[in-house]
1. Would you kindly find the accessible area of Arg301, with a 1.4 Å probe and non-protein molecules such as ligands, DNA and RNA excluded, rounding to the nearest 10 Å²?
2. By how many nm would the segment from Ala225 to Lys86 grow when fully extended, if each residue of separation counts as 0.36 nm and the alpha-carbon distance is taken off?
3. Quick check: residue separation of Gln70 and Leu244 times 0.36 nm, minus the Cα distance between them. What number comes out in nm?
4. Tell me, what is the FRET efficiency for Phe311 and Tyr207 to the nearest 0.05, using R0 = 35 angstrom and their Cβ-Cβ distance as r?
5. What percent of all Cα-Cα pairs in the chain falls in each 10 Å bin, counting up from 0?
6. Just to confirm a number: summing +1 for Lys and Arg and -1 for Asp and Glu over residues other than Gly179 whose beta-carbon lies under 14 angstrom from that of Gly179, what do you get?
7. Between Phe181, Phe295, Phe264, find the one with the highest GNM mean-square fluctuation for the chain; connect C-alpha pairs within less than 10 Å.
8. What accessible area per residue comes out for the range 27-289, rounded to a whole number of Å², with a 1.4 Å probe?
Amino acid sequence: MFATITSIIILLFILIILFKQKFKAKQFNLLGCHVMVTGGSSGIGKCIAIEAAKIGANVTIVARNKNKLQSALENIKAQCLNHNQKFNYLSVDLAGDYDIVKKSFDNAIREMGPLYMFVNCAGMAICGTLECNSSSDIMQMINTNLISTIQATKAVINDMKHNGYGSIVITSSLASFCGIFGLSVYSATKFGLRGFAEALSMETKNYGVKITLALPPDTDTPGYANENKGKPLETFLISETAKLFTPEEVGSKILQDALDGHFFSTVGLEGYLMTVSCAGMAPYTTYLELICQVFCTGILRLVSVYYLSMFDKIIKNCKLDRDFGNRNL
Ligand SMILES: NC(=O)c1ccc[n+]([C@@H]2O[C@H](COP(=O)([O-])OP(=O)(O)OC[C@H]3O[C@@H](n4cnc5c(N)ncnc54)[C@H](OP(=O)(O)O)[C@@H]3O)[C@@H](O)[C@H]2O)c1
């Protein structure tokens, strides 16, 4: 008994040290390096682009709406480190014709220089139980989250491998670790991105190209506000059990983790514990991280079961409330 308690305390201690280490900001500069961010006209993507501009990068942002792109680019330019930096935007539907995506990326790379970092951040969620999701909602989520990311990455991967350096960020979600009520299709696309990132990491490892799987928690962005519009009560109450982060916090952490070469990028202790407990066959970045995963997975499984039972209770009470007007949350 004493030995068990001691080992739990030691494990918690290791976890806290690792968590703090992840948040220790290192000073990097991206002076003259080309960073391209899809979804860079809004939310998390825009904040990543701003952070990159602050440390000297030449930044290209990609999205569909030209007005939003132009106004975001002004905000990004305003935060630049020096006046030699270059800025550009591309208006392209990443889920559309692959040849158009490839051609516009090639033009931007010719103009702005070889890519040092490519950040996939275009994505969206439409909440609702499966029977409430229309076929067009389903296709929109699959196209925006999966197809856009796969096509955009395909358009740059060969050049990056050929250059022999660089970093690619795939923005998934903590919903790629756990399916949540009201987010079945969204979770499916984000689980898919995790598989994509793991496989890609094996393909690029020997070419000097690092892959980072970004797993944002709930983040206060225009996309999140949109997602809240049709959110079932169950999904809303489950997300209320976790903290809402700002896009600035999430964006700067993703950029930092990508620069540090981490495979997983999360914000907050809960997110970090999920990366430890759900590591599976994912690549590890440091031996300390690996040791932590090896020793903490068992105990964290108990924590996840506690959360699962809490979510089940929320869902059951919402059903009771609907059926009998008898909510007891
Ligand atoms: N916010 C959260 O709570 C949260 C949590 C977990 C994960 N995430 C993920 O983080 C990423 C960013 O989320 P966010 O909340 O910051 O989103 P957001 O504010 O809605 O921004 C989405 C961006 O993607 C662009 N976009 C969408 N579809 C596109 C397409 N087909 N082609 C090109 N660009 C496209 C949008 O511009 P246009 O519409 O003009 O094209 C916009 O710039 C997404 O992948 C999201 O799933 C967010």
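The values are calculated or read from the model by the stated rules, or taken from the named source; none is laboratory data. Keep in mind that this is a model prediction, so the values were computed, not measured. Here the Cβ positions follow ideal geometry from the backbone for every residue, glycine too, while neighbour counts run over all protein chains shown. Each accessible area value is taken on the protein alone, full model and side chains, heavy atoms only, with ligands, DNA and RNA left out. Shrake-Rupley method; radii C 1.70, N 1.55, O 1.52, S 1.80 Å.
1. 140 Å²
2. 46.9 nm
3. Between Gln70 and Leu244, full extension yields 59.9 nm more.
4. 0.30
5. P(r) for the chain, in whole percents per bin: 6, 25, 33, 23, 10, 3, 0.
6. 0
7. Judging by the Gaussian network model, the answer is Phe295.
8. Accessible surface, normalised per residue, equals 43 Å².
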